[in-house]
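Remarks on the structure that follows.
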């Protein structure tokens, strides 16, 4: 009985993953409002009614996709920030992992970036709250790394949370530009530039007082 239950669970998760994969492609091509459950079902080679065995509707499917991908990248980055490394090395390594993940999952992040500001209910919704909480856990970890850097005398005496938000803001700007650019290039290649801007700034050292 356990073996049968385990097999059914595995089949359920496989089919659910197939639906999410199809939804990712449809949402990336048409956006949330331009997509339908019929289109997603066709792409996944399922009957439309079958989708409702796995998701309550399009909104549930959309946020499940967002939640699972965000969970994956945040878990990856937080694990790297938790390693026993000097603060600068932690941040550089976590950044490379993050940009590499985003580069491999461009369709998803195109959805995430282009659609997120259009939903007034994003944070109020339970699923939206879950995504937000994951992001804030990442900010908290990054803040702690910044604080460690300050205590070691490697970083300026500034509010470590402000530093964390500043770093994330720079990263997000580069990701947004990469997603929206008609020109293909490696997002990962921008990691050294992000690090240099954040840690060294853009002012010429000869001009500093």
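The values are calculated or read from the model by the stated rules, or taken from the named source; none is laboratory data. Fair warning: this is a prediction, and the values are worked out from it, not measured in the lab. No Cβ is skipped: glycine too gets one built from the backbone with ideal geometry, and neighbour counts run over all protein chains shown.
Odds and ends about this structure:
Condition check ((1) assigned to a helix (DSSP H, G or I); (2) modelled with pLDDT under 95; (3) not assigned by TED's automatic domain parsing to the domain that holds residue 23) across all residues:
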residue: 108; (1), (2), (3): yes, yes, yes
residue: 112; (1), (2), (3): yes, yes, yes
residue: 122; (1), (2), (3): no, yes, yes
residue: 134; (1), (2), (3): yes, yes, yes
residue: 141; (1), (2), (3): yes, no, yes
residue: 164; (1), (2), (3): yes, no, yes
residue: 174; (1), (2), (3): yes, no, yes
residue: 186; (1), (2), (3): no, no, yes
residue: 189; (1), (2), (3): yes, no, yes
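- Of all the listed residues (81, 51, 95), the sole one being over 17 Å from the mean Cα position of the chain (by Cα) and crowded, with 18+ Cβ neighbours inside 10 Å is 51.
- Only a single criterion out of (1) closer than 18 Å to residue 140 by Cα; (2) part of a helix (DSSP H, G or I) is not satisfied by residue 85, namely (2).
- Residue count for the range 34-47, restricted to those that are surrounded by fewer than 14 Cβ atoms within 10 Å (Cβ to Cβ) and assigned to a helix (DSSP H, G or I): 1
Residues checked against (1) touching a helix residue (DSSP H, G or I) at 6+ places or on another chain (Cβ under 8 Å); (2) under 25 Å from residue 144 (Cβ atoms); (3) not assigned by TED's automatic domain parsing to the domain that holds residue 143:
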| residue | (1), (2), (3) |
| --- | --- |
| 38 | yes, no, yes |
| 48 | yes, no, yes |
| 67 | yes, yes, no |
| 72 | yes, yes, no |
| 78 | yes, yes, no |
| 81 | yes, yes, no |
| 84 | no, yes, no |
| 97 | yes, yes, no |
